[in-house]
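One structure is given below, encoded as structure tokens.
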Amino acid sequence: TLQTIELGWNSIGNKGAGKLAEALKINQTLQTIYLGWNSIGNKGAGKLAGALKVNHTLQTIELGWNSIGNKGAGKLAEALKINQTLQTIYLGWNSIGNKGAGKLAGALKVNHTLQTIEL
């Protein structure tokens with residue numbers, strides 16, 4: 001069964017992120033997904049956040065270098081308040097400012113499984 005998928009540097013964009021999000025909603029084996037350098041943006045981050053709300057197996061998601069801003073960070077923060085399996089999220093080298101970081105910090109107050117967050 002597939003546990004790790006590396007899709008970095010592939011120009012997936014927000015539409016591709018949406019397709020992956022649909023798959024993550026029903027997948028029951030994937031533990032790690034690398035999506036760095038894919039121009040996912042805020043819309044794609046929002047779609048992936050929706051998947052994180054219902055996925056119960058993913059432990060690591062890498063979203064570095066994806067032009068994710070405060071809006072996308074806010075969507076991910078909402079998902080982190082619900083998700084109980086994710087342990088690591090990489091968000092480095094995006095466009096997340098003070099507002100987005102504040103929303104992520106707020107999610108950490110209620111999330112008890114996340115061990116690493118990289119901004």
Legend entry - Those residues of the stretch 24-43 which are touching a helix residue (DSSP H, G or I) at 6+ places or on another chain (Cβ under 8 Å) and part of a helix (DSSP H, G or I), in sequence order: L24, K25, G41, N42, K43
Inset, instruction - May I ask you to say which residue of K75, K99 is without any contact (Cβ under 8 Å) to a residue 60 or more places away in the chain and within 14 Å of I40 (Cβ to Cβ)? - result: K75
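Which one is farthest from I12 (Cα to Cα), of the residues in the stretch 61-115 that are open to solvent by less than 60 Å² (accessible area, probe 1.4 Å) and in a strand (DSSP E or B)? Spell out the reasoning first.
Initial filter on the stretch 61-115 (open to solvent by less than 60 Å² (accessible area, probe 1.4 Å)): 61-64, 66, 68-70, 72-74, 76-77, 79-80, 83, 85-86, 88-89, 91-92, 94, 96-97, 100-102, 104-107, 111, 113-114.
Then drop every residue that is not in a strand (DSSP E or B), which leaves 61-62, 88-89.
Working: I61: 15, E62: 14, T88: 21, I89: 19 Å.
Among those residues, the one meeting the criterion is T88.
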Legend entry - Per-region count, the stretch 1-26, residues at positive phi and among the charged types (D, E, K, R): 0
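Any idea which of G46, G8 is in contact with a helix residue (DSSP H, G or I) (Cβ under 8 Å, 6 or more places away or on another chain) and touching a residue at least 24 places away in the same chain (Cβ under 8 Å)? Break it down stepwise before answering.
On the way: G8 fails: in contact with a helix residue (DSSP H, G or I) (Cβ under 8 Å, 6 or more places away or on another chain).
Being in contact with a helix residue (DSSP H, G or I) (Cβ under 8 Å, 6 or more places away or on another chain) and touching a residue at least 24 places away in the same chain (Cβ under 8 Å) holds for just one of G46, G8, which is G46.
The values are calculated or read from the model by the stated rules, or taken from the named source; none is laboratory data. For clarity, every value in this text was computed on a predicted model and none was experimentally measured. Methodologically, a virtual Cβ is constructed for each residue, glycine included, from the backbone with ideal geometry; neighbour enumeration extends over all protein chains shown. These accessible areas exclude ligands, DNA and RNA; they are computed on the full protein's heavy atoms, side chains included. Shrake-Rupley method; radii C 1.70, N 1.55, O 1.52, S 1.80 Å.
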